[in-house]
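Worksheet for the structure shown next.
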Amino acid sequence: MKILITGGAGYIGSHTCVELLNAGYEIIVVDNLLNSKAESLNRVRQITGKDFKFHQIDLLERAALDTVFFENSIDAVIHFAGLKAVGESVSLPLWYYHNNITGTLRLCEVMKKYGVKKLVFSSSATVYGVPNTVPISEDFSLGATNPYGRTKQMIEEILRDLNVSDHEWSVALLRYFNPIGAHKSGQIGEDPNNIPSNLLPYIAQVAVGKVNELKVFGNDYPTKDGTGVRDYIHVVDLAIGHLKALEKVLGFKGVDAYNLGTGKGYSVLEMIHTFETVSGRKIPYQIVERRPGDIGICFANPLKAKQELGWVAIRGVEEMCKDSWRWQANNPNGYENTKIFTNVK
Ligand code: NAD
Ligand code: UFG
């Protein structure tokens, strides 16, 4: 069984490559390396002891993508490739719409041409916008509040329309909550290009001394300690969720959305304290104003994924923080100029 992974060199993609290879799938990765390094794929080869093809291709280059399908008999696609920074999407909406939506259209056109109609798509909990209540179920109304989120919402609609036009299409829309953590080996993990905007990579960079202190965005939310609450999910659990979704699309037809989250919410302060405990490092922080556009509480109802995919997230926040720390401590510069200086086990 041959699976094409778009965006496979990225954070979630590389972890999913490991799980697919370990499960015996043959994979082909395409990525333009806009937000990743080919080194992540070398590490995937080291971890699994398996080799696979990698094509440095932009999804917007239809001809190059066509060649990949022409030369390989692909059974299904897992589509991670996309831009993902909320703030950047507000400043550069045209780039986000073009890259994420046109990239997906190109991919689907080529898939259609070669009769490949099985797709697992990286959506996001951001499609729910500001939920009226928590936990969030898949049947909640959608209302993304920024261009990035709207690309995800629009792509979901496009994929549903595709299935209406041709019932042979089988698509899983995976709405991730907050992926964090890293592979146990400490060899692959999240490698943000600049100063990270997400909580965990930021905490990890404070712990390793690259950034002085964390800014906690608001302590006046109606939550246990006033700071924002999120459903953090270990990236390896998330990767395994893709394996389960792949099995689903290979065996069924139709379009379905699934929340991939743990169903539990943790506050910013809880995450700081957990990280301090597992790393033995102090995380200096300062409470500042709320970040514009943030919501107070967000966590999933993950029951549908359990019932229909047979998937449950099993790794807790301590393990998530410990694995993030191992990756960050062993790779303080991410995949670039890696210098193992602490060898955290
Ligand atoms: P990432 O940036 O690490 O990985 C995305 C990969 O796609 C990168 O390697 C990038 O180089 C590649 N890419 C982007 N545009 C491309 C194009 N036009 N052609 C080819 N390759 C392209 O991000 P990630 O965290 O691994 O996220 C993967 C997917 O999951 C994204 O679609 C993202 O929007 C979605 N998602 C991520 C999160 C999160 O918090 N990380 C949450 C919800 C959804
Ligand atoms: N936070 C801080 N300080 C920081 C960064 C974050 O206090 O420096 C807080 C936020 O205010 C929030 C929590 O930490 O309460 C989590 O923030 P993240 O930026 O890590 O994550 P978000 O929930 O805001 O958004 C993330 C992704 C989106 C995705 C969404 C749902 O960035 O792309 O999860 O999946 F859509």
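The values are calculated or read from the model by the stated rules, or taken from the named source; none is laboratory data. Every value quoted in this text rests on a predicted model; they were computed, and no experiment measured them. Positions of Cβ are backbone-derived with ideal geometry, glycine not excepted, and every protein chain shown enters the neighbour counts. Surface areas here come from the heavy atoms of the whole protein model, side chains and all, with no ligands, DNA or RNA. Shrake-Rupley method; radii C 1.70, N 1.55, O 1.52, S 1.80 Å.
List of remarks:
- In this view, the solvent-accessible surface of residue 183, computed with a 1.4 Å probe and all protein chains in place, comes to about 30 Å².
- Here the 3J(HN,Hα) profile of the range 177-191, calculated from phi with Karplus coefficients 6.51, -1.76 and 1.60 at θ = phi - 60°, is 8, 10, x, 9, x, 7, 5, 3, 5, x, 8, 10, x, 7, 10 Hz, Gly and Pro shown as x.
- The stretch between residue 289 and residue 273, if pulled fully straight at 0.36 nm per residue, gains 3.7 nm over its current Cα-Cα span.
- Computed from Cα atoms, the angle from the helix 268-279 axis to the main principal axis of the chain rounds to 80 degrees.
- Carbon/sulfur fraction of accessible area - the range 245-345, other protein chains in place, 1.4 Å, %: 50 percent
- From phi via Karplus (6.51, -1.76, 1.60), per-residue ³J(HN,Hα) for the range 96-113 in Hz, x at Gly/Pro: 5, 4, 5, 4, 6, 7, 4, x, 5, 4, 4, 4, 5, 4, 5, 4, 4, 4
- Full-extension gain in nm, residue 114 to residue 308, via 0.36 nm per residue minus C-alpha separation: 67.0 nm
- Partner lysines whose Cα lies under 17 Å from the Cα of residue 112, excluding those fewer than 8 positions away in the same chain, are identified as 2, 253.
- Kirkwood hydrodynamic radius of the range 239-345, Cα pairs, Å: 17.0 Å
- Check: the chain dipole with +1 on Lys, Arg Cβ and -1 on Asp, Glu Cβ, in debye: 500 debye
- Using alpha-carbon coordinates, inclination of helix 147-165 to the longest axis of the chain, degrees: 30 degrees
- Residue of 35, 330, 198 that the Gaussian network model of the chain assigns the largest fluctuation, springs spanning Cα pairs under 10 Å: 198
- Choice from 76, 64, 239 showing the highest fluctuation, given a GNM over the chain with Cα pairs closer than 10 Å: 64
- Per residue, the accessible area of the chain comes to 42 Å², computed with a 1.4 Å probe over protein heavy atoms only.
- Computed extension gain for residue 60 through residue 141, at 0.36 nm per residue and net of the alpha carbon distance, reaches 26.1 nm.
- Here the average projected area of the convex hull drawn through the C-alpha atoms of the range 1-142 stands at 9.7 nm².
- Hydrodynamic radius by Kirkwood, which averages 1/r over all alpha carbon pairs of the chain, in angstrom: 20.3 Å
- With respect to the chain, whose longest principal axis is taken over its alpha-carbon atoms, helix 11-22 is tilted by about 60°.
- Of all DSSP bridge pairs formed entirely within the range 1-99, close to 0 percent run antiparallel.
- Residue 290 accessible area, 1.4 Å probe, all protein chains in place, Å² to nearest 10: 110 Å²
- Using a cutoff of 8 angstrom between alpha carbon atoms and counting only pairs six or more residues apart, the relative contact order for the range 45-109 works out to 39 percent.
- Carbon + sulfur, % of accessible area of the range 62-119 - ligands and nucleic acids excluded, 1.4 Å: 59 percent
- Of all segments of the chain bounded by chymotrypsin sites (Phe, Trp or Tyr not before Pro) found in a DSSP loop with no more than 12 other C-beta atoms within 10 Å, the longest spans 1-251.
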